[in-house]
Amino acid sequence: MNKLVTRYTFTMRLLHWSMAVLILSMVCAGLAMVSSLEPWQLSLLGLHKSFGVLALILLILRFIVRVQSIAPALPSTMPVIQVKLAKFSHWLLYFLMLVIPVSGLLMQYFGARPIVVFDLLTMPAAMVANIEYFAVFREGHGFAVLLLLLVLVVHIGAACFHHFIRKDGVFKSML
C-alpha cells in the first residue's frame, strides 16, 4: 500500500463494481432458481451458468490487475486489528469468489450437465453422473454463497462505517 495513492485504479474500480452487480444478480438468480420449478427456471439456469463462467474470468483478470496495482493505504489511525481484519476479509472475498464458480462448474460436471456459455462455447461434462460428487459440490456451492453473503454484509457495513462515521476516505478510494 502506498500513502501517495488515494484511489484504486480505474480498472480496479470498474472490476469491483461490475463484479458487485454481477455477484448480487447471480445470488438473486440462484435463490430464484432453487425456490421454483417454473418453466423459466431452466432458462435462468443457463444464464446463471454463463454468467458464472464470466464471473470466474473477471475474477482472474481482477486478481492479475490487483497484484500489479498499488492500493491506497488504509488510514494510519486504524487500529492494527482492523487493518488485519480488512486484509483478511478481502482475501476471503477473493477466495469465495473463486470457490463459488469452481464448485458450480464441478457440480455441473459431475451432474453430467454440460455448460453452454452464451451459446458460444460448450464446456464438457462427465459422461456418467456421479451423484455423490454432485451433491458435495452442490452443498459446497450453497454454503460458499451463504458465507459470501455474510462477508459482504460485513464488507458493506465496514464501507459505510468508514464513509459515514470515520469519514476517512476509505470508501471514496473505490469510487
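The values are calculated or read from the model by the stated rules, or taken from the named source; none is laboratory data. Bear in mind that the values here come from a model prediction, so they are computed numbers and not experimental data. For neighbour counting, all protein chains shown are included, and Cβ atoms are generated from backbone atoms with ideal geometry for every residue, glycine included. Keep in mind that these areas ignore ligands, DNA and RNA; they rest on the heavy atoms of the full protein, side chains included. Shrake-Rupley method; radii C 1.70, N 1.55, O 1.52, S 1.80 Å.
Checking the conditions here, which among VAL53, VAL83 is open to solvent by less than 40 Å² (accessible area, probe 1.4 Å), of a type outside the set (Ser, Thr, Tyr) and touching a helix residue (DSSP H, G or I) at 6+ places or on another chain (Cβ under 8 Å)?
Answer to the selection: VAL53.
Mind checking which residues of segment 146-162 are open to solvent by 30 Å² or more (accessible area, probe 1.4 Å) and either β-branched (Val, Ile, Thr) or closer than 18 Å to LEU96 by Cα (or both)?
Scanning segment 146-162 gives LEU146, LEU147, LEU149, LEU150, LEU152, VAL153, VAL154, HIS155, ILE156.
I'm trying to understand the selection: among the residues of segment 113-139, which are part of a loop (DSSP other than H, G, I, E, B) and within 15 Å of LEU45 (Cα to Cα)?
ARG113, PRO114, PHE118, ASP119
If you take the residues in segment 98-125 that are touching a Lys or Arg at 6+ places or on another chain (Cβ under 8 Å) and among the hydrophobic types (A, V, I, L, M, F, W, C), which one is surrounded by the fewest Cβ atoms within 10 Å (Cβ to Cβ)?
My answer is VAL116.
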